[in-house]
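The structure appears right after this line, and notes come after that.
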Amino acid sequence: MDVIVVGAGSIGLGCAWRAALAGAAVVVVDPSPERAASRVAAGMLAPAGEAAFGETALLRLNLASWRRWPAFVAELEAATGVSTGYWQCGSLFVARDADDRAALEREHRFRESLGLTVQLLSASECRALEPGLAPSVRGGMLAASDHQVDPRRLLDALRAACAAAGVRFVQGQAALCVHHGRATGVDVDGATALRAGAVVLAAGCWSAHVEGAPRDVLPPVRPVKGQVLRLRASAAQPLLSHVVRGVEHGYIVPRRGGEVVVGSTVEERGFDTSFTARAAYELLRDAHELVPDVLELDIVELCSGLRPGTPDNAPIVGQTALPGLIAATGHYRNGVLLTPVTADAVAAEVSGGEAPAEMAPFSPARFASPVGVGT
Ligand code: GLY
């Protein structure tokens, strides 16, 4: 076996699929794939919407992955026949009051300075795009280039594509095996020994807690909790035709089949995944301020997941200080968006190809301990 991927979220499966297509024999190991952050994610592919002050290299990476999405989806859907719900729907940021409007004007100037195409809209232009917006809305900003995908369908498609490419799946907890200063494989549940030339650590926020690894090669990821509500509108009478976002963290993501995802909290609560009454109240309150009819929908699910946060909010991808151990984690709020470019970077690493240049700033080396690899 050539490659073991630890983690079966969108990043792990994307890396496994691309590595298998590059000719590697691949095994994916995960104790509970249903806990993946990508199962909770809203699936916004939104480099323009998510652009943040001081994160220019991350924006370049986000754009590099965003450009890959149409071909990635086409190849995935052709290989599996599974529809991913990819939709070039755009995001509409909405101002509830004069302060929000001033904030959106600043955000607009900032995005224009980065060469991103976004458009400031009056209240009536916003309502022409989305008639369900609250009458009090004071204007907005359209990021027409932002897209979305349904992450649960994406996971189904990636699993099917992996299986078709010969990837094997093993359910269990992986502990890293290190021999003569090199990662040589994993032991699963303290029993099954899997050996490989490369181990890819794609276990999201659990990547910092893999047994058997020298502590100072593990990526500094931490869980950042996000609580999300899944609602249902009638497919014949959709709530929205764009992702609608507030000026802070709130968003309402409509899917073509009628699902509506309302997100999200951003909380530092360790590995807690409870869903709280406060979150349900605040998510619905904020969504209702933007789109009142959100309260007419059925509640389908309350769910909560753990984003892999890092000290600089950017992913950690590439060869670690331990030969044979490759990191593919720390994607924080952009794991779904960054799946194609991360998969290409990891496939290049394991097959000796050339990794996307935009990934260079995100090597694990930026967090390397000055004393080097521990024992
Ligand atoms: N990307 C949206 C979120 O993490 O909530």
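Rounded to the nearest 0.05, what FRET efficiency do Phe271 and Ala98 have when you use their Cβ-Cβ distance and R0 = 45 Å? All intermediate terms of the calculation are to be shown ahead of the outcome.
Numbers: r = 40 Å, r/R0 = 0.90.
Working from the Cβ atoms, E equals 0.65.
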Unit charges on C-beta of K, R, D, E only; dipole of the chain, Debye = 320
task = Sort 289-296, 6-13 for me by packing, meaning the mean count of neighbouring Cβ atoms within 10 Å per residue, highest on top.
result = 6-13, 289-296
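Out of all DSSP beta bridges with both ends in the chain, state the antiparallel percent to the nearest 5.
Numbers: 47 of 65 bridges.
Just about 70 percent of them are antiparallel.
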note = Note to self: C-alpha centroids of region 324-340 and region 216-243 sit apart, in Å, by 17
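Would you mind calculating the gained length between Ala368 and His249 on full extension (0.36 nm times residue separation, minus the Cα-Cα distance), in nm to one decimal? Write out the running numbers ahead of the final one.
Numbers: separation 119, 0.36 × 119 = 42.84 nm, distance 3.13 nm.
Between Ala368 and His249, full extension yields an extra 39.7 nm.
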inquiry  = Compute and list, largest first, the equivalent-ellipsoid semi-axes of the chain from the alpha carbon gyration tensor, each √(5λ) rounded to a whole angstrom.
reply    = 37, 21, 19
request  = Order these peptides, 335-347, 73-85, by their mean beta-carbon neighbour count within 10 angstrom, highest first.
outcome  = 335-347, 73-85
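Taking 20 °C and 1.002 mPa s as the conditions, I'd like the Stokes-Einstein D for region 66-221 in µm²/s, using the Kirkwood hydrodynamic radius from alpha carbon pairs.
107
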ask   = Mean residue ellipticity at 222 nm from the helices of the chain, using -39,500 (n - 2.57) per DSSP H segment of n ≥ 4 over the full residue count, to the nearest 500 deg cm²/dmol?
value = -9000 deg cm²/dmol
ask   = In degrees between 0 and 90, to the nearest 10, how far off the longest principal axis of the chain does helix 98-113 point, with axes built from Cα atoms?
value = 50
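With a probe of 1.4 Å, find how much accessible area the chain has per residue, and write the answer as a whole number in Å².
On the way: 15280 Å² over 375 residues.
Normalised by residue count, the accessible surface of the chain is 41 Å².
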query = Pairing the Cα long axis of helix 339-351 with the longest principal axis of the chain, what angle in degrees results, from 0 to 90 and rounded to the nearest 10?
reply = 20
remark   = Carbon and sulfur atoms account, in whole percent of the 1.4 Å probe accessible area of the chain, for 51
key: With Cα atoms, 0 to 90° folded angle of helix 277-290 axis to the chain main axis   = 50
query = Residues of region 230-271 with amide nitrogen under 18 Å from the 7 Å Cα-to-Cβ point of Ser32?
reply = 269-271
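Give a quick list of GluC sites (Glu not before Pro) in region 7-69 that DSSP marks as loop, anything other than H, G, I, E or B, with at most 16 other Cβ atoms within 10 Å. Intermediate results must be reported in sequence, preceding the final value.
Details: sites: Glu34, Glu50, Glu55; in loops: Glu55.
Listed in order of number, the matching sites are Glu55.
On full extension of the chain, what length is gained from Arg215 through Ala235, given 0.36 nm per residue of separation minus the C-alpha to C-alpha distance? List each step's numbers first, then the result.
Working: separation 20, 0.36 × 20 = 7.20 nm, distance 4.97 nm.
Value of the extension gain: 2.2 nm.
At 0.36 nm per residue, and after removing the present C-alpha to C-alpha distance, how many nm does the segment from His179 to Thr56 gain when stretched out fully?
Details: separation 123, 0.36 × 123 = 44.28 nm, distance 3.89 nm.
Working it through step by step, the gained length comes to 40.4 nm.
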ask   = What order do you get for 205-213, 222-230 when each peptide is scored by the mean count of other beta carbon atoms within 10 Å, highest first?
value = 222-230, 205-213
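Hey, got a sec? Which chymotrypsin sites (Phe, Trp or Tyr not before Pro) in region 47-145 land in a DSSP loop and have at most 16 other Cβ atoms within 10 Å?
Details: sites: Phe53, Trp66, Phe72, Tyr86, Trp87, Phe93, Phe110; in loops: Phe53, Tyr86.
Sparse-neighbourhood loop chymotrypsin sites (Phe, Trp or Tyr not before Pro): Phe53.
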query = Can you tell which of Leu240, Leu63, Ser264 lies farthest toward the positive end of the dipole of the chain, using +1 and -1 charges on the Cβ of basic and acidic side chains (Lys, Arg; Asp, Glu)?
reply = Leu63
note = On the formula 1/(1 + (r/R0)^6), with r taken between the Cβ atoms of Asp2 and Glu125 and R0 of 41 Å, the FRET efficiency rounded to 0.05 is 0.15
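The values are calculated or read from the model by the stated rules, or taken from the named source; none is laboratory data. Model, not experiment: these values are computed from the prediction. For neighbour counting, all protein chains shown are included, and Cβ atoms are generated from backbone atoms with ideal geometry for every residue, glycine included. These area figures cover heavy atoms from the full protein model, side chains too; ligands, DNA and RNA do not enter into them. Shrake-Rupley method; radii C 1.70, N 1.55, O 1.52, S 1.80 Å.
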